[in-house]
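A short worksheet on the structure shown next.
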Amino acid sequence: MLMAGGAKPPVCRLLDYGKFKYDTLKKEKEMKKAQKIVETKEVRLSMTIEEHDKAYRISSAQKFLQAGDKVKITLRMKGREQAYANKAKEIVKEFVSRLSEFGTTDKEPEHMGRNIMVVVNPIKK
């Protein structure tokens, strides 16, 4: 292994290549273990969701955010519900506002086809 290539004469060290490769793989494995993989969990809502169901889903989303995962909130509109997209956005905004102490959003809820979606990121500690 080349230690100091710019020196006159260049300084090298002899080593066992198998051991060197083993050590580098071991270091990479340790680095991967130390990383926290952020998952995205999804919470689905509907236009006709009742208060108890909403509270249950909020508590689930809070657990996900406290664990360090992102939460994707999706409200799916069926049939004629699509005519009331503004009401659906209000439901999603109210849901996100109740999660405000556990996470933040980057942007407003967006309308994609039949769905209204927003991603809530956990607050860093």
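Worth a mention:
- Scanning segment 66-84 for residues that are closer than 18 Å to H111 by Cβ and open to solvent by less than 20 Å² (accessible area, probe 1.4 Å) yields a count of 4.
- Going through (1) over 19 Å from K41 (Cβ atoms); (2) of a type in the set (A, V, I, L, M, F, W, C); (3) modelled with pLDDT under 90 one by one, I123 falls short only on (1).
- Being surrounded by 11 or more Cβ atoms within 10 Å (Cβ to Cβ), farther than 21 Å from E108 by Cα and modelled with pLDDT of 90 or more is a property that K63 has.
- The number of residues in segment 1-58 being closer than 30 Å to K70 by Cβ and not acidic (D, E) comes to 25.
- Any hit, segment 79-96, residues being part of a loop (DSSP other than H, G, I, E, B) and at pLDDT 90 or above: no
- Screening K54, K87, K33 for residues that are touching a residue at least 40 places away in the same chain (Cβ under 8 Å) and open to solvent by 100 Å² or more (accessible area, probe 1.4 Å) leaves exactly one candidate, K87.
The values are calculated or read from the model by the stated rules, or taken from the named source; none is laboratory data. Quick caveat: nothing in here was measured; it's all calculated off a predicted structure. Methodologically, a virtual Cβ is constructed for each residue, glycine included, from the backbone with ideal geometry; neighbour enumeration extends over all protein chains shown. Note: areas computed on protein heavy atoms with side chains; ligands, DNA, RNA excluded. Shrake-Rupley method; radii C 1.70, N 1.55, O 1.52, S 1.80 Å.
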